[in-house]
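Reading through the structure tokens given below for one structure.
The values are calculated or read from the model by the stated rules, or taken from the named source; none is laboratory data. Just so we're clear, the structure is a prediction, and the values are computed from it rather than from any experiment. Virtual Cβ from ideal backbone geometry, glycine too; neighbours counted across all protein chains shown.
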Amino acid sequence: MSGASSGEHSQTANKSLFFRRWLANPLQMGSVIPSSATFSRLIAERVQFGVDEVVVELGAGTGTITRALLRAGVPAEKLVVVEIVPEMAQHLREIFPGVQVVCGDGFDLPRVLEQAGAGRVGDVVCGIPLVMLPFPTQQKIVGAMLAASPGRGFLHLSYCITSPLPSAKLGLSGNRLAWTMKNFPPGGVWRYAPLQPGPRRGG
């Protein structure tokens, strides 16, 4: 099989896996198709992490954003991917050798990362469709991300023109960093940070 044919086969397999998982749980997946490479690149280029920190991707799906993070310069050994769906987690392990893929629940993110030996966390990249969750659930997942990376906050992809989260109600500041029409549906990148930063978690 040629390189081009192999790449096309991989993309088709990714979309098929994503669509099957969307049919099984639309709220968990958010969109009927994976994010585009352009959309993923927008968030990857805005990730921040120190020399002693890892980047955490929460809800990686078929790995479109994971691939963009690696291409943007995040070393594989500095990337920890947390995916709750076992089938998708195994898929990610197969296509991203060197990246630590953890099958775990984002609502318990600090414990999941501690058990994985992740160490100090820089940015958390959230691909979970937070806007579709009820407020108490939003509070729980946001609290988990802030606890995993105190004081830093998190990056979030959203198809909403306005903030997908009630920032003030959650004790956050929210800023849209980028927007693209080249994704279907169009979407943007948001950075959320605690209004009162807490102490950083040690490695």
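Structure notes:
- Candidate set: the range 174-203, residues that are under 24 Å from F135 (Cα atoms) and more than 19 Å from the chain's Cα centre (by Cα); chosen: the one modelled with the lowest pLDDT: G198
- Within the range 122-139, the set of residues being farther than 16 Å from T66 by Cα and either of a type outside the set (S, T, N, Q) or in contact (Cβ under 8 Å) with a residue 60 or more places away in the chain (or both) comprises P129, L130, V131, M132, L133, P134, F135, P136.
- Residue list for the range 53-108, filter: assigned to a helix (DSSP H, G or I), free of Cβ contacts under 8 Å to residues at least 60 places away in the same chain and not charged (D, E, K, R): T64, T66, A68, L69, L70, A76, P86, A89, Q90, L92, G106, F107
- Top-ranked residue in the range 86-98 [being crowded, with 19+ Cβ neighbours inside 10 Å and under 14 Å from the mean Cα position of the chain (by Cα); ranked as modelled with the highest pLDDT]: L92
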